[in-house]
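Visitor: Please read through the structure below; I'll follow up with questions.
Quick note: the coordinates plus some simple rules give every number you see, no bench work behind them. What you are looking at is a predicted structure, and each value in this text was computed from that prediction instead of being measured. Cβ: placed from backbone, ideal geometry, glycine included. Neighbour counts: every protein chain shown.
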Amino acid sequence: MAALPPYTTLGQRIWHYTFRTIVGLVLFFLIAPILVIIPLSFNAENFFTYTPGMLALDSEAYSLKHYRDFFNNSDWQQAMRNSLMIAPAATLISVGLGTLAAIGLSQSHVPFRRAIMAILISPMIVPLIISAAGMYFFYSRVGLQGTYLGVVLGHAALGIPFVIITVTATLVGFDRSLTRAAANMGANPVTTFFRVQMPLILPGVISGGLFAFITSFDEVVVVLFVGSAGQKTLPWQMFIGLREQISPTILAVATILVALSIMLLTTVELLRRRSERLRGISPG
């Protein structure tokens, strides 16, 4: 932790430590539910509460039975397979369309750039229940209701804004003279994009793709509206488990999803630092 400069006043020092305390309390408030769930997933009993044995740190009070149930239960495994089928496909569509949209909107000659950008990122702003209801009525008309393609396209629509934002942020520091130099040396636009532009914006593209993947993998509202029983994803199965059959296996699944999210977000942070190094910015 960096020391305060010697010329800071008493009021500035008080505000500095008060602000850090407030930030720490907010962080604890946000992560406390996660910290509670993880130990409960190892409960040897079928309870959602800490048993006396767990509080006493008795090894017999802890078990991997809920994790074994997750990997051996056909319903959970089918939900996992559906999620692993839908999320990567939605991510590929989001990355492709979002990257192209960000590059196009970064050009100064494109008319109505701000209006188009607002429309493209609107799924992040509009309440999810409204987007899901709109998809339901639209898909019912075009025959995509209850299909894998409909769920994939719905998740892709939710992931595109994340790709656009991250790629646009990467393009802010992009040197346009590099593409002009490549064109002067005879490279066509496709070659220029893949050999010059893409390597420099790749961290932003991958970061946006990871956010799109997390969004699709954790999403449940759109699946409930536009999917069917055959497209039951992992969050949908968790929702059913909470509503119909209270199963502690949900705690094990939640712990696995938390671990997956932490790994993906760590990757995003490493890519952000790499992107800043490529652009000559010292990571903060």
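Visitor: Rounded, prolate or oblate for segment 25-101? Axes are the square roots of the Cα gyration tensor eigenvalues, ordered a ≥ b ≥ c, and the cut-off for rounded is a/c under 1.5.
Guide: Numbers: a/c = 4.92, a/b = 1.70, b/c = 2.89.
Oblate.
Visitor: Which net charge results when you count Lys and Arg as +1 and Asp and Glu as -1 among the other residues whose beta-carbon is under 14 Å from that of L264?
Guide: Values: positive: R272; negative: D218, E269.
Local net charge: -1.
Visitor: For the chain, what does -39500 (n - 2.57) per DSSP helix run (n ≥ 4), summed and divided by total residues, give at 222 nm, in deg cm²/dmol to the nearest 500?
Guide: Working: 14 runs with 206 residues, N = 284.
Using -39500 (n - 2.57) per qualifying helix, the result is -23500 deg cm²/dmol.
Visitor: Right, something else. Regarding the chain, what's the average projected area of the Cα-atom convex hull, expressed in nm²? Before the final figure, lay out each step's value.
Guide: Working: hull surface 88.1 nm².
Reported value for the Cα convex hull: 22.0 nm².
Visitor: For the chain, with only Lys/Arg (+1) and Asp/Glu (-1) charged at the beta-carbon, what is the dipole magnitude about the Cα centre, in debye rounded to 20?
Guide: Numbers: 18 positive and 11 negative charges, 239 e Å.
Computed charge dipole of the chain: roughly 1140 debye.
Visitor: Let me ask something additional. Going toward the positive end of the dipole of the chain, with +1 on Lys and Arg Cβ and -1 on Asp and Glu Cβ, which of I240, L224, Q197 do you reach last?
Guide: The residue sitting farthest along the positive end of the dipole is Q197.
Visitor: Sticking with this structure for a sec: Select from the chain the helices, each a whole stretch of DSSP H, whose alpha-carbon atoms run 15 Å or more along the helix axis and whose Kyte-Doolittle mean is at least 0.0; answer none if there are none.
Guide: Qualifying helices, which must be both long enough and hydrophobic enough, are 10-40, 74-105, 128-142, 148-171, 198-218, 249-278.
Visitor: Let me ask something additional. For the charge dipole of the chain, defined by +1 on Lys and Arg C-beta atoms and -1 on Asp and Glu C-beta atoms about the Cα centroid, which residue among L64, L84, S207 has the Cα displaced farthest towards the positive pole?
Guide: About the Cα centre, the residue reaching furthest to the positive side is S207.
Visitor: Please give me, ordered by residue number, the chymotrypsin sites (Phe, Trp or Tyr not before Pro) of segment 52-145 that lie in loop per DSSP and have at most 12 other Cβ atoms within 10 Å. Let's see the in-between values first.
Guide: Working: sites: Y62, Y67, F70, F71, W76, F112, Y136, F137, F138, Y139; in loops: F112.
Passing sites in segment 52-145 are F112.
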